[in-house]
Every structure is written in structure tokens, then in C-alpha cells.
Amino acid sequence: MEKDGEIEVSSDVDNLSYGYKELKDRIDELILTLDAETRLAKEVYALELEIENKAYRLKELLRDIEKATKHYESLKLFLERLGIDPFAQRLTFDNRFLLQDASLHEIEAVNNQSEF
């Protein structure tokens, strides 16, 4: 971002005081141009960093959206299996599925851990 350098000046004037004003104006113009280029380079660098950070954040958001979509699909399937319409505006339960297994008189205990 910073650049050191030298300016070499040559002139066709015989007297330095005669060309001083013109020379000073030209040097001031060159310094302003160099300063503008330096500021632009700094701004470009800052913008590149910002773009890089936003691109990384966008990747994270896309991963989160994909994960949420998978969870949403699983939840829809789960609700359907419970007899709940996942697309309904309100959660409504199908009475055929409510407490179906809990209404049985006997409950069988299964101790097969290989299923889990």
C-alpha cells in the first residue's frame, strides 16, 4: 500500500525561480494523483476482503438452508406418520391415529438393542 520513490525533475528554464510556480503545481498534481491511487488501492483491498467475508457467510447460509430443508422433509414425513397434515394451516390430528398404541391393554416390552 505504501510506495517510496524519488522524483527527478528537469526543465528547460534558465532560472529556477522563473519555473518554480509551474514546477510546484506539477509536483502537487503528481502527489495528489499518487495519493488518490493509494486511497483507491486501499479501498479495493477493503472491498475484496468484504466480498471474501460475504462469500464465506453465503456458503455457511447455503449449508444451513440445505440442512434445514432436510430437517423439514423429515419433519413432514414424521407428522404424516402421526396422522397430521403437514401442509395444513393449523395442526389438526386425525382421530384414527390419536393414542392408537396407548389404548391397548397390554404393552409388550422389547429388549432388542440391536435395532437402535
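Overview of values
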item: Selection within region 48-78 - open to solvent by 100 Å² or more (accessible area, probe 1.4 Å) and either farther than 30 Å from Ala88 by Cα or aromatic (Phe, Trp, Tyr) (or both); result: Glu48, Ile51, Glu52, Asn53, Lys54, Tyr56, Arg57, Lys59, Tyr72, Phe78
item: Tally of residues being hydrophobic (A, V, I, L, M, F, W, C) and modelled with pLDDT under 70 across region 1-44; result: 5
item: Meets criteria (surrounded by 10 or more Cβ atoms within 10 Å (Cβ to Cβ) and modelled with pLDDT of 65 or more) for Leu98; result: no
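The values are calculated or read from the model by the stated rules, or taken from the named source; none is laboratory data. Small disclaimer: the values here were computed from a predicted structure and weren't measured. All Cβ positions, even for glycine, are placed from backbone atoms using ideal geometry, and neighbour counts span all protein chains on display. Protein only, heavy atoms only, side chains kept; ligands, DNA and RNA dropped before computing areas. Shrake-Rupley method; radii C 1.70, N 1.55, O 1.52, S 1.80 Å.
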